[in-house]
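Any read-out appearing in this document is the output of simple, stated calculations on the displayed coordinates, not a laboratory observation. Keep in mind it's a predicted model, so treat the numbers as computed, not measured. Glycine also receives a Cβ, built like all others from the backbone with ideal geometry; neighbour counts cover every protein chain displayed.
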């Protein structure tokens, strides 16, 4: 299980439709010995996508291991001189660097842990990631053309740095590495010639080295995992799991998609042979009269691809053997060879593309890189360079070639090697009993619980699932031999099993008894529909369930009756003994009960009397104490409330008086300034406005003052009445006459203190009224002289008034005649209206004065009532003193009679109050 993270890290990558697509085929073998025990396992891989190391398209990613190494801990990154994936040419060809919901740093740790489990030690792990880092640095080596000759040179300092880093990681000489990338050695009978490559050929050589190193590294990992797992060469029984790439059709399809789809064509043929052809052969073998269902056979596609000598693979290998062949000449050969083939289509708008009609649909291939990707060889300079490395791990990846293999010039291609591996895989599959699992991708958005119906149907159709369902529904999916059928369903007709009938006849009678129709009977097998098999299983389960219930019912009845008889005898014996014991216990209990009742009666009476006496005395004392405490608390509250009321009344009175004075002063100042500025208006309007504003302020103040006085008197009267009634009630309940007397004395003193303030308030009102009368008279006397008032204003205002008079001469009493008679008439009418308004305001002022006189009379009456209340309070105080003396005398006589009890109650009362 731990081999999966290692193989996925080095063999999986993100594609346009899958974030973790396997870019190689994998066949896992679980091997068994003769006793059926697991004896070994092995992993076979097919066609690693080598070109992805150097070329990726957006939005795909390179193999996961490159990104995991870039997300390694800081010490690892510093060790290999790595950085952001965007800085490497083999990774920045796409804009996708991270996967959603996947942490490359965590995956790196998990991969290292999996390597430990599969037996890769620390030294080998370090060597593996050194090789991966070397490939990244190798991709950043760029070349440019030499000025003198047509040869490639390292482009700049940055490329030179990556060249040295690659040589350091691969433990080889930097100059030798540069020569291996930029030069080729040609061996002739006469001499050895070194040929310089141009920048493009050097870049191709660089990418070829990277692909070769990575493919050798991947093969080494697979061999290491197989060695760690342990194989059993002598095993003849195995269970194989084939996990291989599915059918692929992208916008741009290259050599890899061609090989992948060729593999899927092979597997589809095997699937057809196993499901369709074997199904029809079995019907024919049993001589069943059944109409054959035709299915799509892809043998013609396989012949088109792999047939010798005229298949596509054969033509591709032939083109690779000629140095001057190009992808265009290869495409022209295909057009000429297969122009009449129904599975081969030539696109109209391209010169080198070709289309193959696969079983899953048409796929258009671009043959641009078919020849380069099909060549499988290691450049001799690369082989010599890495074989001379100082790192034993890299030397193991590139062992020195033997003389025979070095001298051999036989051509080898990827397609031919892959075809051999695929044929070996098909031989293994044909020797086993296969079971198929079709993986369906629900959507291309990588979202859960979302199904793209069109996409799913297309996958089911291309995978042959719909064809299988059609054939299975048209035929008889349930095949059973007669003996198997009787063993399984003979219980449905036990009377038939008792007789000695033939198996075929017995099966027929069972089906007739179950009233089934539409089945077929062959020579040795019975063919049933899918719903018929399910119906027989349901009837069998129902029969077994009913039989089990009958058996269970009889057994439970027998065991229950047996237990009941034993329990009945035992219970009768136990009951006889317990009844005698209970009778004796009951007699003893009744004797004790009679004696206990007598004792309890006397004891309860004495305790009840004692408790009643103590509770009564305690209740009296507690009630007295609580009433006194409540009275004191209420007295303190009233004192605080009264003081707060007095303070609030004084503060509000002072605030109203000060507000009035400020308002009065501000109104006088504003009026004086306003009159000076409004000289240009008529004299009568100015005087009337001034009187109106002053009168409105005075009337508002009088109303406010009158309302405050009335509300204060009303509130004091109510509070005095409440205090008087509360004092009476407290005197009756608690008898605390001395405290109440003191309280009443304080109230009387406060009332006495408040009377002078009322008198002063009344005097202030009268003085303010006289002042206002004087002010009104003064304003009447000074109204004709507006020009004199302007002199009292500031100098700038005085000048402004003069300028206004000059501009508007109509304001002066002795003015020039006005030519506009209509304006004069309007002004006269307005003056008359203002005079009428002045008369009405004077009348209202007289009414307010009369109202003020009435309020003064009312306040005098209330003062007299207050004096009468004070006299009554004095009388009440005298009577309270007499009552208080009588109460004290009675309490002292009681205390002398019961000294001990009082001491106890006082202690209890003190504890309760705390």
Between residue 187 and residue 555, what is the label-to-label distance in nm when each label sits 7 Å out along the Cα-to-Cβ direction? 8.5
Taking 0.36 nm per residue of separation and subtracting the Cα-Cα distance, what length does fully extending residue 122 through residue 461 add? 117.2 nm
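Once a ≥ b ≥ c are taken as the square roots of the eigenvalues of the Cα gyration tensor of segment 476-528, is the result rounded (a/c under 1.5), prolate (a/b larger than b/c) or oblate (a/b not larger than b/c)?
Details: a/c = 1.81, a/b = 1.43, b/c = 1.27.
Judged from the Cα gyration tensor, segment 476-528 comes out prolate (a/c at least 1.5, a/b above b/c).
Is segment 149-202 best put as rounded, prolate or oblate by its Cα gyration tensor, with a ≥ b ≥ c the root eigenvalues, rounded for a/c under 1.5, and otherwise prolate when a/b is larger than b/c, oblate when not? Working shown, then result.
Values: a/c = 3.62, a/b = 1.60, b/c = 2.27.
Oblate, since a/c reaches 1.5 and b/c is not below a/b.
Would segment 599-690 count as rounded, prolate or oblate if I go by the C-alpha gyration tensor, calling it rounded below 1.5 in a/c and otherwise prolate when a/b exceeds b/c, oblate otherwise?
Details: a/c = 12.41, a/b = 6.93, b/c = 1.79.
Taking the square roots of the gyration eigenvalues as a ≥ b ≥ c, segment 599-690 is prolate.
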Once you put a point 7 Å from the Cα of residue 619 and another 7 Å from the Cα of residue 538, both along the Cβ direction, what distance in nm separates them? 8.3
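Using a Förster distance of 22 angstrom, determine the FRET efficiency expected from the C-beta separation of residue 325 and residue 204, and round it to 0.05.
Values: r = 16 Å, r/R0 = 0.73.
Efficiency, rounded to the nearest 0.05: 0.85.
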Taking R0 as 22 Å, what FRET efficiency do you get between residue 160 and residue 195 from their Cβ-Cβ distance, rounded to the nearest 0.05? 0.45
Test of understanding: extend the Cα→C-beta vector of residue 505 to 7 Å, then name every residue of segment 450-486 with backbone N under 12 Å from that spot. none
How much length would be gained if the chain were fully extended between residue 32 and residue 585, taking 0.36 nm per residue of separation minus their Cα-Cα distance, in nm to one decimal? 191.2 nm
With r as the distance between the Cβ atoms of residue 692 and residue 825 and R0 = 35 Å, compute the FRET efficiency 1/(1 + (r/R0)^6) and round to 0.05. 0.90
Label residue 18 and residue 375 with points 7 Å out from Cα along Cα→Cβ: what is the distance between them in nm? 3.1
